[in-house]
Amino acid sequence: MQFVIADTYESVSAQAAQELISFVNESPYCVLGLATGSTPLGMYSKLVEAYHAGEVSFENVTTFNLDEYWGIDPANSQSYRHYMDEHFFNLVNIDKNRTSLPQSQGVLPQVACNSYDELIFEAGGIDFQLLGLGNNGHIGFNEPAPNFPVGTHLVDLAPSTIQANSRLFSCADEVPRQAITMGIGTIMHARKVVVLVSGAGKAEIVVKAFEGPVVPEVPASILQLHPHVEVILDRAAASQLSLA
Ligand code: F6R
């Protein structure tokens, strides 16, 4: 596990964007695993800038997002499909037919989960997986649990996740209670994983996840066992790490 400690959120975003741009330039047909949330917003805006500056093309990449709220209409402004379109897909030359998020309605959850796993398998798995870190240690929406779920599955969101995500809704009651998320097994099969973390509020969970025991109660701790993980974090998020 490699740590890159940047001074600010701005430099976390710049470093992450640079890593992803280099990766896409070296492997234009790669499969990217993408995340939503507040943390990658700065990185997406830098990717868009780089695309307009002619530094990268997303024409041939395939993408799979980590997760989507269950039951939400993809056209709803709170859906993760909407987030991705608004912050990235609509602003670069990506082929939207090669961008996937878990299906969020219209089928049984198990069908949506199985077909997402099949799509990822048919694409050859994830080459570069981007992750954020939840306040409770979740990655994707793999919440603290008695075990590490392998494949895509339906989850009941933890009360702390509903609370954290309520900032994006008019009230906590509007936050969907369930989501479909890629499993830990799929994330661990990605060839390279880059985790972005920012802010003092994440300092405690950073230590638990990356210096504590590998336990499913802290889902991100499993990343300690992955051979190619890079954690890019700002000084505030790194402040309790023993190496910082
Ligand atoms: C988002 C996702 C989540 C977030 C995590 C951190 O697709 O899978 O695991 O990465 O909740 O969210 P922020 O960045 O908003 O703190």
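Each value in this text was obtained by applying a stated rule to the coordinates, not by laboratory testing. No experiment lies behind these values; they were computed from the predicted model shown. Note: ideal-geometry Cβ built from the backbone for every residue, glycine included; neighbour counts use all protein chains shown.
Please work out if residue 132 is among the small types (Gly, Ala, Ser), surrounded by 18 or more Cβ atoms within 10 Å (Cβ to Cβ), out of contact with any strand residue (DSSP E or B) (no Cβ under 7 Å at 6 or more places or on another chain) and under 17 Å from residue 209 (Cβ atoms). Break it down stepwise before answering.
Numbers: among the small types (Gly, Ala, Ser): yes; surrounded by 18 or more Cβ atoms within 10 Å (Cβ to Cβ): yes; out of contact with any strand residue (DSSP E or B) (no Cβ under 7 Å at 6 or more places or on another chain): no; under 17 Å from residue 209 (Cβ atoms): yes.
Against the criterion (among the small types (Gly, Ala, Ser), surrounded by 18 or more Cβ atoms within 10 Å (Cβ to Cβ), out of contact with any strand residue (DSSP E or B) (no Cβ under 7 Å at 6 or more places or on another chain) and under 17 Å from residue 209 (Cβ atoms)), residue 132 does not qualify.
If you take the residues in the range 193-205 that are over 16 Å from the mean Cα position of the chain (by Cα) and under 13 Å from residue 132 (Cα atoms), which one is nearest to the ligand (Cβ to nearest atom)? Reasoning before the result, please.
The initial filter retains those residues of the range 193-205 that are over 16 Å from the mean Cα position of the chain (by Cα), namely 199-201, 203-205.
If we keep only those that are under 13 Å from residue 132 (Cα atoms) too, we end up with 199, 205.
Working: 199: 8, 205: 10 Å.
Once the filter is applied, the top-ranked residue is 199.
Screening the candidates 211, 217, 204, 230 for the property of being acidic (Asp, Glu) and closer than 18 Å to residue 142 by Cα yields one hit, 217. A residue that is more than 10 Å from the ligand (Cβ to nearest atom), within 16 Å of residue 68 (Cβ to Cβ) and of a type in the set (Asp, Glu) can be found somewhere in the range 154-166. Residues in the range 96-123 that are free of Cβ contacts under 8 Å to residues at least 60 places away in the same chain and polar (S, T, N, Q): 97, 99, 100, 105, 110, 114, 115.
For every residue, the table says whether it meets (1) exposed (fewer than 14 other Cβ atoms within 10 Å of the Cβ); (2) closer than 23 Å to residue 233 by Cα.
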residue	(1), (2)
3	no, yes
6	no, yes
22	yes, yes
26	yes, no
46	no, yes
68	no, no
78	no, no
106	yes, no
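Output the strands (runs of 3 or more DSSP E) that fall wholly within the range 124-198 and possess 3 or more residues being touching a residue at least 12 places away in the same chain (Cβ under 8 Å) and of a type in the set (Val, Ile, Thr), or say none.
Details: elements: 128-131, 153-156, 178-181, 192-197.
Counting at least 3 such residues, we get 192-197.
Test residue 79 against the criterion of being within 16 Å of the ligand (Cβ to nearest atom) and among the small types (Gly, Ala, Ser), and give yes or no.
Criteria met by residue 79.
Taking the residues in the range 28-44 that are buried (at least 22 other Cβ atoms within 10 Å of the Cβ) and polar (S, T, N, Q) as candidates, determine which candidate is nearest to residue 101 (Cα to Cα). Applying the filter and picking the extreme gives 36.
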